[in-house]
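Worksheet for the structure shown next.
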Amino acid sequence: MPIENTVLRAIRERRSIYRYSPGPVPDEMVQAILEAGRWAPSWGNTQPWEFIVVKNETTKREICDIAKSTLIANKNIEGASLIVVICVNPKVDPYHFIEDGAVATHNMALAAHSLGLATYWIGIYNAQNSQRSVESRVRKALNIPQTHRVIAILPIGTPEYKIEKERKWLRDMVHHDRYGNTMLSPAGATESRDSSKSSKR
């Protein structure tokens with residue numbers, strides 16, 4: 001029987017949701033989500049991230065319009081109660097600022113799910129830092145300094161629907177001791193199909 005607890009359940013059950021029911025997210029929930037981002041790990045505990053909470057309807061619409069081209073089938077996220085934009089300062093951590101921003105984003109996505117909310121992780125970091133990229137356009141719209149990079153946009157709201165997806169089996173991705181040795185250990189033999197269920201992102 002697989003080990004189960006609230007953290008593992010949140011990781012397994014989180015889904016990417018792009019339609020939200022109307023209504024605000026309580027401030028205490030927003031604060032809890034931001035706290036989850038604040039407590040994310042970072043290289044050398046440098047904590048290079050900053051979070052921009054967007055609630056203004058005009059600004060939200062502008063960000064949604066910019067980000068729309070990055071979404072699968074141009075899905076719409078305008079119904080979100082708020083958007084958290086995750087940016088980082090590479091000067092604070094020049095080595096792992098992308099990973100730092102990504103793990104802070106994931107912490108917040110898991111926290112939102114644990115509170116009965118939903119998110120849709122939109123990664124907009126542009127490796128070339130092109131001035132015409134979605135990242136640069138979001139940076140300009142929110143007056144983010146040129147010294148900072150935008151890792152992701154995280155719309156948050158009450159989910160309008162539920163979805164089930166599955167992951168590959170562990171045996172299709174785990175190697176033991178060295179690459180290519182995919183023989184499952186006795187512990188791995190207890191893998192269940194339910195433990196592989198998760199979302200696209």
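A few points about this structure:
- Selected residue (only one of I163, I144 is within 29 Å of L34 (Cα to Cα) and either basic (K, R) or modelled with pLDDT of 95 or more (or both)): I144
- Checked against (1) assigned to a helix (DSSP H, G or I); (2) in contact with a helix residue (DSSP H, G or I) (Cβ under 7 Å, 6 or more places away or on another chain); (3) modelled with pLDDT under 95, A73 passes all but condition (2).
- I52 vs. criteria surrounded by fewer than 18 Cβ atoms within 10 Å (Cβ to Cβ), of a type in the set (A, V, I, L, M) and either outside the structural domain of V150 (by TED's automatic domain parsing) or in contact with a Leu (Cβ under 6 Å, 6 or more places away or on another chain) (or both): yes
- Evaluated against (1) of a type outside the set (S, T, Y); (2) out of contact with any Gly (no Cβ under 9 Å at 6 or more places or on another chain); (3) assigned to a loop (DSSP other than H, G, I, E, B), D93 falls short on exactly one condition, (2).
- Being part of a helix (DSSP H, G or I) and under 16 Å from the mean Cα position of the chain (by Cα) is a description that applies to E99.
- In the stretch 47-54, the count of residues that are more than 19 Å from I122 (Cα to Cα) and either out of contact with any His (no Cβ under 7 Å at 6 or more places or on another chain) or free of Cβ contacts under 8 Å to residues at least 40 places away in the same chain (or both) is one or more.
- Filter result for E62 (surrounded by fewer than 20 Cβ atoms within 10 Å (Cβ to Cβ), out of contact with any Asp or Glu (no Cβ under 9 Å at 6 or more places or on another chain) and either among the basic types (K, R) or in a helix (DSSP H, G or I) (or both)): yes
- Top-ranked residue in the stretch 116-170 [being within 17 Å of K68 (Cβ to Cβ) and of a type in the set (G, A, S); ranked as surrounded by the most Cβ atoms within 10 Å (Cβ to Cβ)]: G157
The values are calculated or read from the model by the stated rules, or taken from the named source; none is laboratory data. It should be emphasised that the depicted structure is a prediction, and the values quoted were computed from it without experimental measurement. All Cβ positions, glycine included, derive from the backbone under ideal geometry; neighbour counts span all protein chains shown.
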